[in-house]
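Chemist: Please see the structure below; I have some questions.
Just so it is clear, none of the values below were taken in a lab; they were calculated from the coordinates. Note that the structure is a prediction, hence the values are computed from the model and not measured. All Cβ positions, glycine included, derive from the backbone under ideal geometry; neighbour counts span all protein chains shown.
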C-alpha cells in the first residue's frame, strides 16, 4: 500500500488514445470502467471457449457467476440449451460440457444457447459491468478486436482475468497481443506500465512460441494436469483464427 499522505496522482488525460491494462481483474475498480470500452481476456480458457462456441453456431452465451445460477438459467431456458463450465478446471457434475474449446463443436452447440460458468473468466466479465461496452477477447480473434476498437475516442481498458487470485501470464500474453496491434493502429501506452509489460510478454512469447509460453504460465501449468490440457493450450494459442467480435451485455448477462 502506498503512503496515505501522497498527493493526487498526475493527470494523464491529455495523452491521446491511451490503452490501460489491468494484469488481474482484482486490480480494477468499478470507476475504472465507467464510460470506457473494456476488453476481457481469459485465454486459458473461458474467452477462447466462448469464441469457439459462437463460431460453431451457438445462438448466444449466457454468463453466470455461480454453478447454481447456471443451473437455474438453463432450467428457465428449457430446450436447446447446453450447460457448460468448470470448477478447478474440470467438468461440473450434471453439466453437458466442461471449459475446453474443443468440446464446443458445431455438432454440440449449433442452434443452441450456451449457459456458461467458470472460475475466473465469467467473474471478470461481471467485474467490467460498468463499462460503456464490453468485448470478449482471446488470441483467436485478437486482430478483429483491435480493428473494432482502434478508433475509440476514450481510454481503452484491457482486463486480464487471472488464475484465482494470481496474475497469469497466459492472459498477459493475450493482452500484449492486443496492445501490439493497437499500437500499430495508432493507439498509445499512455502512462500505463502494465501495458508495456504485457507487450513485452507477448513479444517474448512470440519469439519462443505462443503455445510454449502459455504452457508454462500459471493457468497453463494447471491446465496441463487435465486430460485435454495440452490440446487446449495449442488451440488457444492460435492467433486470428476467427474474425468475429463478441460483446457482453451485463444487463442480460448474455454474449452475442
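Chemist: On a full-extension model of 0.36 nm per residue, what is the gain between residue 106 and residue 231, subtracting their alpha-carbon distance, rounded to one decimal in nm?
Modeler: Value of the extension gain: 43.2 nm.
Chemist: Round to the nearest 0.05 the FRET efficiency obtained for residue 196 and residue 132 when R0 = 25 Å and r is the Cβ-Cβ distance.
Modeler: So the FRET efficiency works out to roughly 0.50.
Chemist: Neighbour counts of other C-beta atoms within 10 Å: give me 178, 91 arranged from fewest to most.
Modeler: Sorted ascending by nearby Cβ count, the order is 91, 178.
Chemist: Within a 10 angstrom radius of the beta carbon, how do 47, 118, 226 rank from fewest other beta carbons to most?
Modeler: The order, fewest Cβ neighbours first, is 226, 118, 47.
Chemist: Here's another thing I want to ask about it. Over the Cα atoms of the range 19-255, what radius of gyration and what Dmax do you get, in Å?
Modeler: 16.3, 49
Chemist: In addition: Going by alpha carbons, how many degrees (0 to 90, nearest 10) lie between the helix axis of 193-208 and the longest principal axis of the chain?
Modeler: Approximately 60 degrees, to the nearest 10.
Chemist: Using only the alpha-carbon atoms, how far is helix 169-184 inclined from the longest principal axis of the chain? Give it as 0 to 90 degrees, nearest 10.
Modeler: The helix 169-184 is inclined about 60 degrees to the chain.
Chemist: Computed FRET efficiency, Cβ-Cβ of residue 72 and residue 147, R0 35 Å: what is it to the nearest 0.05?
Modeler: About 0.40, to the nearest 0.05.
Chemist: Under a crude label model (7 Å from the Cα following the beta-carbon direction), how far is residue 183 from residue 244 in nanometres?
Modeler: The modelled label-to-label distance comes out at 3.1 nm.
Chemist: Expected output is a single nm value to one decimal: the length gained when fully extending between residue 166 and residue 65, i.e. 0.36 nm times separation in residues minus the C-alpha distance. What is it? Working shown, then result.
Modeler: Working: separation 101, 0.36 × 101 = 36.36 nm, distance 1.85 nm.
Working it through step by step, the gained length comes to 34.5 nm.
Chemist: Specify the angular offset, from 0 to 90 degrees and rounded to the nearest 10, of the alpha carbon long axis of helix 67-77 from the longest principal axis of the alpha carbons in the chain.
Modeler: Result, in degrees: 60.
Chemist: Please report the antiparallel percentage of DSSP beta bridges with both residues in the range 19-255, rounded to the nearest 5.
Modeler: Antiparallel bridges: around 30 percent, rounded to the nearest 5.
Chemist: Can you tell me the FRET efficiency between residue 87 and residue 5 if r is taken as the Cβ-Cβ distance and R0 is 35 Å, rounded to the nearest 0.05?
Modeler: Once the sixth-power term is evaluated, E becomes 0.20.
Chemist: Ok, one more. Compute the projected area of the convex hull of the Cα atoms of the range 131-239, averaged over all viewing directions, and report it in nm² to one decimal place.
Modeler: 7.0 nm²
Chemist: Once fully extended, how much extra length lies between residue 79 and residue 254, figured as 0.36 nm per residue of separation less the alpha-carbon to alpha-carbon distance?
Modeler: Working: separation 175, 0.36 × 175 = 63.00 nm, distance 1.73 nm.
Additional length available on full extension: 61.3 nm.
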